[in-house]
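See below for the structure under consideration.
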Amino acid sequence: MKKLNISKDQVREAVSFIKKQIDCSPSIGILTGTGLGESLQSIKISFSCEYKDIPNFPVSTVESHIGRLIIGSFQKHNIMAMQGRFHLYEGYSPAEVTFPVRVMQELGVKILILTNAAGGLNPSFSPGDIMVITDHINLTGHNPLTGPNDDGWGVRFPDMSAPYDHQLAESAANAGKEEGFLLQKGVYAGLPGPSLETPAEVRFLKTIGADAVGFSTVQEVIAGVHAGMKILGLSVITNIHNPDNPFPSEIDQIIDTARKATRKIESIMGKVINKIDGVVL
């Protein structure tokens, strides 16, 4: 049986390993989702390693997740980027899924940017659209804060009235306009996966106000809010769910659509990061 929580000693062992390899403290963390690991080409890398080489670090088991940590600089900011994440459906506990967020926290990261691939529920969306996440619905049945609270990491009952930073979201929307494409906005529903949604589940999700659905992000956002981070979430809409005319979703096509959006994602992140000093710091 997996441990419900992780210890601060385990996190600090991973942090100690990373600190020995770098000479800067990252202020911005990036965590990429399915097929989006290649959206980090503009980072000037000073150190990288595979997750398996970091003490206590989980390992990505999903083929479309590269499984590599990158430390480097982008414009005038020091960045810690994760090429690939961990999911509940892989058998990891919520604490293990959010292990990278705690490592970022101990390294001094204040801003967290997350990307994911998501199925579209809003009929106005199209495959390839980018959605700025304005809020989320946690339908996973799990929470990474369950269990004893470490007051050094955050308060027992963190407020979730604005988990996604409004200024970062607006900066992302403006970045899209500058690049000549419209970013969608909407609510992300997080499910445990890995089975995709039935037509009845799609109808339910639309009824409760979700615009997109996926198997990640909400655990990391909860941990990030607990850590006091400002958060930007970006979803690549890879397919559209129509419960009245259901069509099978093929994972290869989903990954391909996500990968085709990497240029847009990288462009948005670059412009947001460039304006961060004036936006949130």
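If I go through region 189-224 residue by residue, how many of them are of a type in the set (V, I, T), out of contact with any Asp or Glu (no Cβ under 8 Å at 6 or more places or on another chain) and touching a residue at least 60 places away in the same chain (Cβ under 8 Å)? Total satisfying the criteria: 6. Count of region 83-126 residues, restricted to those that are of a type outside the set (V, I, T) and either part of a strand (DSSP E or B) or farther than 30 Å from D277 by Cβ (or both), is 25.
For region 24-59, the candidate set comprises residues that are more than 22 Å from D9 (Cα to Cα) and part of a loop (DSSP other than H, G, I, E, B); within that set, the residue that is modelled with the lowest pLDDT is G35. Scanning region 256-274 for residues that are more than 16 Å from the chain's Cα centre (by Cα) and modelled with pLDDT under 90 turns up D256, T257, K260, R263. Which condition does N245 not pass, out of (1) part of a loop (DSSP other than H, G, I, E, B); (2) touching a residue at least 24 places away in the same chain (Cβ under 8 Å), if it passes all the others? Failing condition for N245: (2).
Based on what the data block shows, is S267 of a type in the set (S, T, N, Q), under 20 Å from T134 (Cα atoms) and part of a helix (DSSP H, G or I)? Yes; evaluated as a whole, the condition is true for this residue. All of (1) surrounded by fewer than 24 Cβ atoms within 10 Å (Cβ to Cβ); (2) closer than 27 Å to T140 by Cβ hold for M80 with one exception: (1).
When G29, G91, G108 are checked against the criterion of being out of contact with any strand residue (DSSP E or B) (no Cβ under 6 Å at 6 or more places or on another chain), under 28 Å from A210 (Cβ atoms) and not β-branched (V, I, T), a single residue qualifies: G91. Per the listing P163, P158, P199, P148, the residue uniquely farther than 23 Å from I276 by Cα and touching a helix residue (DSSP H, G or I) at 6+ places or on another chain (Cβ under 7 Å) is P158. The single condition among (1) among the β-branched types (V, I, T); (2) crowded, with 21+ Cβ neighbours inside 10 Å; (3) more than 16 Å from the chain's Cα centre (by Cα); (4) under 18 Å from N122 (Cβ atoms) that T238 does not meet is (3). Considering region 142-196 alone, what residues qualify as being among the aromatic types (F, W, Y), modelled with pLDDT of 95 or more and in a loop (DSSP other than H, G, I, E, B)? Scanning region 142-196 gives W153, F157, Y164.
Selection over region 197-216 of residues that are buried (at least 20 other Cβ atoms within 10 Å of the Cβ) and assigned to a loop (DSSP other than H, G, I, E, B) gives a count of 5.
The set of residues in region 127-141 that are under 18 Å from A172 (Cβ atoms) and part of a loop (DSSP other than H, G, I, E, B) comprises G128, D129.
The values are calculated or read from the model by the stated rules, or taken from the named source; none is laboratory data. Since this is a predicted model, take the numbers as computed values, not measurements. Using ideal geometry, Cβ is built from the backbone for each residue, glycine included, and neighbour counts are taken over all protein chains shown.
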